[in-house]
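Taking it in order: structure first as structure tokens, then the write-up.
The values are calculated or read from the model by the stated rules, or taken from the named source; none is laboratory data. Keep in mind the model is a prediction, meaning the values are calculated, not measured. As a convention, Cβ positions derive from the backbone with ideal geometry for all residues, glycine included, and neighbour counts pool all protein chains shown. Note: areas computed on protein heavy atoms with side chains; ligands, DNA, RNA excluded. Shrake-Rupley method; radii C 1.70, N 1.55, O 1.52, S 1.80 Å.
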Amino acid sequence: MKAYTIKIIGRLIVKKLWGALTDLLPIILVIAFFQLIVLRQPLPQVGDVIVGALLVVAGLALFIQGLEMGLFPIGEAMATALARKGSLSWLLIFSFALGFSTTVAEPALIAVVGEAADIASAGGLIQDDEQARTSYAFGLRITVAISVGLAILIGVLRILRGWPIHVLIISGYVMVMCMTFFAPAEIIGIAYDAGGVTTSTITVPLVAALGVGLASIIRGRSPLVDGFGLIAFASLLPMIFVMGYGILVFS
């Protein structure tokens, strides 16, 4: 029985690793083609590249397994439990807190605001010292986190009230375009990038699970039609808030 169990686990691991490898295969082929055919140069540090690629495959396989086992189920379960509890206030508080906390912990956001602070310091936009860079990066990070929290809250209200998603999205992007004319040029690029970095490895699985779980439990809502769309709000509002942050900081 023990040998059979080990065999099953082994097959599962191989299946997950193979799936991760096939997902990464297009990237590997593109890099190899341009490096060997177009540039006609051997890969630098081949050993490190191979080891790194294997680590990426293993990490991606583990990450996907973690999503399936942990993040998706807990997101759906909490959304279902709060909806059945019948408390709108707690559901909205949870939605905001989920968006805020996942964004604060988002590695991509941490990296981007740190880089933005270094460049702003080097360009003379803020003082060239550690405290100024830390304060600027922290302000950006919290601004984006608050915006995502509000975005998830609005997305949940949309599911509950049945608001048309296209009206909200179009209105939001009209606001983005209007603010682009008034925001400092130094912040516009960061604001547009903020919409992408917030929807990354930690935020997307939990937020998507929240929307699907909520739409599944509410009568008259379809998980396919109403359960998705929260990520769009999480991409939209950070652009508006970061441009607002830039107006306050640089004006």
Number of the condition not met by ILE231 [criteria: (1) farther than 30 Å from TYR136 by Cα; (2) free of Cβ contacts under 8 Å to residues at least 40 places away in the same chain; (3) of a type outside the set (D, E, K, R)]: (1)
Wholly within the stretch 89-205, helices (runs of 4 or more DSSP H) carrying at least 3 residues that are closer than 16 Å to PHE233 by Cα and without any contact (Cβ under 8 Å) to a residue 24 or more places away in the chain: 165-182
Filter result for ILE126 (closer than 18 Å to ILE247 by Cα and open to solvent by less than 60 Å² (accessible area, probe 1.4 Å)): yes
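Among the residues of the stretch 216-251, write down those that are assigned to a helix (DSSP H, G or I), among the small types (Gly, Ala, Ser) and surrounded by fewer than 23 Cβ atoms within 10 Å (Cβ to Cβ).
Result: SER216, ALA232, SER235, GLY244.
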Filtered residue count, the stretch 98-122, keeping only those that are open to solvent by 50 Å² or more (accessible area, probe 1.4 Å) and more than 19 Å from ASP193 (Cα to Cα): 2
